[in-house]
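A.B. asks: Structure provided below as structure tokens; questions to follow.
The values are calculated or read from the model by the stated rules, or taken from the named source; none is laboratory data. Note that the coordinates shown come from a computational prediction; the quantities given were computed from them, not determined experimentally. Glycine also receives a Cβ, built like all others from the backbone with ideal geometry; neighbour counts cover every protein chain displayed. The area values use the complete protein model at the heavy-atom level, side chains included, leaving out ligands, DNA and RNA. Shrake-Rupley method; radii C 1.70, N 1.55, O 1.52, S 1.80 Å.
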Amino acid sequence: LETQHGVLLATADAVFEPGRLEASNAALEAASQEDPEVLWRLARGLIRSGERREDKKAGLPDFARAESLAGRAVALSSGSADAWYRHGVALGKQGEARGMMRSLFMVGPLKKRMEGVLRLSPCHAPARHVLGELLWQLPGVLGGSKAGARKELEAALACDPAFTAPYPTLAEVYLDAGLRKDAEALLARIVKVERPADPAEYPENVADL
């Protein structure tokens, strides 16, 4: 049983490989819904499914179910940083799909969930990235901070240079601050990443940068 469970989780983690999302989600749907490791991985897969829909609002059911599953995972295993992270991301994706004005009330809960992740795992690069994006995109009156965004995005890359999602936004932060050479240096860094944490998203991250 332990071997089967390990194979299941390995199949689920292949969601980061191009063309494996559907197989990963199907395997998890057929597994126990009382296993927090299964629940947060299925939430992760549903978030990615929602992201890939042509219409952002069409992904709302995926994001809502992902939040429910990740919330269940947190309830079953409150010490799981990954469960907390997916719980927060699912909430944030719903806010994005509904539009900025309707998602402002989500900012506080989203920040709290990411801060909860970092209490459990201080060098959790994806959580640092989410906080950095929030601080960068929000106006100052709503808690945004260019300096804070730079700090979190730089921390994300320091924690895991192979997690490439923060690179494009950090380049924007540098350019906004007049640090063109620092922005250009990020391109040299990202193309040297041999084993990206998310191979499916890596080409898009490079193109954006």
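A.B. asks: Would you be able to say whether some residue in the stretch 155-177 is of a type in the set (Val, Ile, Thr), free of Cβ contacts under 8 Å to residues at least 60 places away in the same chain and open to solvent by 80 Å² or more (accessible area, probe 1.4 Å)?
C.D. replies: There is no residue in the stretch 155-177 that is of a type in the set (Val, Ile, Thr), free of Cβ contacts under 8 Å to residues at least 60 places away in the same chain and open to solvent by 80 Å² or more (accessible area, probe 1.4 Å).
A.B. asks: Keeping to the stretch 87-111, report how many residues are without any contact (Cβ under 8 Å) to a residue 24 or more places away in the chain and over 15 Å from the mean Cα position of the chain (by Cα).
C.D. replies: Total meeting the criteria: 9.
A.B. asks: With the checklist (1) modelled with pLDDT of 95 or more; (2) surrounded by 15 or more Cβ atoms within 10 Å (Cβ to Cβ) in hand, flag the one item Leu187 doesn't pass.
C.D. replies: Checking Leu187 against (1) modelled with pLDDT of 95 or more; (2) surrounded by 15 or more Cβ atoms within 10 Å (Cβ to Cβ), the one that fails is (2).
A.B. asks: Would it be correct to say that Ala23 is at pLDDT below 90 and assigned to a helix (DSSP H, G or I)?
C.D. replies: Criteria met by Ala23.
A.B. asks: Any chance you could count how many residues in the stretch 141-154 are open to solvent by less than 30 Å² (accessible area, probe 1.4 Å) and not in a helix (DSSP H, G or I)?
C.D. replies: So the count comes out to 1.
A.B. asks: Is it the case that some residue within the stretch 54-72 is at negative phi, among the aromatic types (Phe, Trp, Tyr) and at pLDDT below 95?
C.D. replies: Checked against the condition, which is being at negative phi, among the aromatic types (Phe, Trp, Tyr) and at pLDDT below 95, the stretch 54-72 yields no hits at all.
A.B. asks: Tell me, which helices (runs of 4 or more DSSP H) wholly within the stretch 40-140 include 2 or more residues that are of a type outside the set (Gly, Ala, Ser) and open to solvent by 70 Å² or more (accessible area, probe 1.4 Å)?
C.D. replies: The helices (runs of 4 or more DSSP H) meeting that bar are 60-76, 81-98, 100-103, 107-120.
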